1. Can we say Leu312 is crowded, with 23+ Cβ neighbours inside 10 Å and touching a Ser or Thr at 6+ places or on another chain (Cβ under 6 Å)?
2. Among residues belonging to segment 1-50 that are closer than 19 Å to Leu181 by Cα and β-branched (Val, Ile, Thr), point out the one that is nearest to the chain's Cα centre (by Cα).
3. Of the numbered conditions (1) within 13 Å of ligand 1 (Cβ to nearest atom); (2) surrounded by fewer than 19 Cβ atoms within 10 Å (Cβ to Cβ); (3) under 30 Å from Asn294 (Cα atoms), Gly101 fails exactly one; give the number of that condition.
4. Given segment 224-339, what helices (runs of 4 or more DSSP H) lie entirely inside it while holding 1 or more residues that are farther than 26 Å from Val44 by Cβ and at pLDDT 90 or above?
5. Examine segment 72-89 for a residue that is more than 15 Å from ligand 2 (Cβ to nearest atom) and more than 25 Å from the chain's Cα centre (by Cα), and state whether such a residue exists.
6. If you scan segment 242-263, which residues turn out to be surrounded by fewer than 16 Cβ atoms within 10 Å (Cβ to Cβ) and within 17 Å of the chain's Cα centre (by Cα)?
7. Give the residue that is farthest from ligand 1 (Cβ to nearest atom), with candidates limited to residues of segment 183-201 that are closer than 16 Å to Asn164 by Cα and outside any loop (DSSP other than H, G, I, E, B).
8. Among the residues of segment 1-49 satisfying the criterion of being assigned to a loop (DSSP other than H, G, I, E, B) and among the polar types (S, T, N, Q), which is farthest from Asp204 (Cα to Cα)?
Amino acid sequence: MNLLEFEGKALLREHGLTVPRGRIISSAEQLQDFHFPAVLKSQVPVGGRGKSGGIRTVNNIEEARTEFDRIKSLKIKGYLPTAILAEESVDIRHELYVSFGIDRRRKAEMLIFSEEGGMDIEKADKKDIRLIYINPVTGLQNYHLNHIFLNTSLQKHTNDNLKNTLKTLYKTFKENKLELLEINPLIVNSDGDIICLDSKITADEVYCKRPPSPVPSINSAESTFEELTKALDINGVLLEGDIAVVTSGAGLGLATIDEINYYEGKILAFVDLGSSVYDKQKMKKAIRLIYDLNPKIILFNFNFQVASCYTLAEAISESLCHVPVVVRAKGKNQHEAKLILEEKGCFVTDDFNTAVQKTIGLQQERR
Ligand code: GDP
Ligand code: MN
């Protein structure tokens, strides 16, 4: 379960960490007594809000009204905001990156730190990113922190403050049995104070109860991608990449994900159509939900023994948008399906690997 930013920040605050002063607002009028400039932040369960226009600084109530209305109806990776968070603007001297996570293969915890945090962290130079593994039994030690902060360009007292912040973040991570605790950016302000400007927390529902929402959701009618697909009796998972993968059957689904990961492709969403492959209308509804996520490429991977590739091809060709589509169609009626889809400009093959490679090629072209 991913906590929204304001939920995560409530947890951080409970543990004594500094987060900007702010509150959830359901209209800009609630900012009459607010200290401007303020930052309005869309509360969606995905990242990249800064780059999508989901975060705006406003200098007065008029600007707040305009931006509130715009952000409220701005979809980010398929999500409308559940709420809008207003915070007092913070002056930023350094934007750092820090996260605590779990490497299950190594049975270790991971601490990742970078002096170059912020919205372009994916593009940061690998040598600027420091990673250490922590033994979960003995936990975070001073020597780990000394190692992380060795030769940073930060001042000594900032380093000392940061060490304390990281200890508290680690305590928060452990006490709540979190799967991921990422602060990007963790900032240093002009007074040298350390402030958690953003929060991305993945928690286990068993251990960490989602804090109750302080206000009714501003877009309560809007459902998540998971809920929308579930309503169609289809399994959908939203991730953060470019490629939407549509298959039928858990085995083929996992194999497709593995293969794409192998070529370092980034998956935006994964959809298992399950028994909906017999129902053209249902498939079309699912495909429309996928287009709403704005994928860069859609890969359909099907190997049918009983269901017909023809029905699938009709569903795809009747819902096409301006997104490249790669189809691997094998089995019953595959040749008829190929004819229909190629006529519509799709790339069609009956070979799994050819389909994946074409998809990866298209992703690289469209970067
Ligand atoms: P994300 O893009 O979804 O990860 O959203 P963040 O909460 O990380 O915000 C993105 C960027 O907006 C940050 O890296 C900051 O540069 C900027 N930002 C967010 N809040 C503030 C603030 O209070 N003051 C200032 N000056 N910038 C902010
Ligand atoms: Mn962020």
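The values are calculated or read from the model by the stated rules, or taken from the named source; none is laboratory data. Computed from a prediction, not measured in an experiment: that's the story for all the values here. Here Cβ is always computed from backbone atoms with ideal geometry, including for glycine, and neighbour counts include all displayed protein chains.
1. In short, no.
2. Once the filter is applied, the top-ranked residue is Val46.
3. So the condition that Gly101 fails would be (1).
4. By residue number, 250-262, 280-292, 309-317.
5. Within segment 72-89, not a single residue is more than 15 Å from ligand 2 (Cβ to nearest atom) and more than 25 Å from the chain's Cα centre (by Cα).
6. Passing the criteria: only Asn261.
7. Once the filter is applied, the top-ranked residue is Ile194.
8. Gln32
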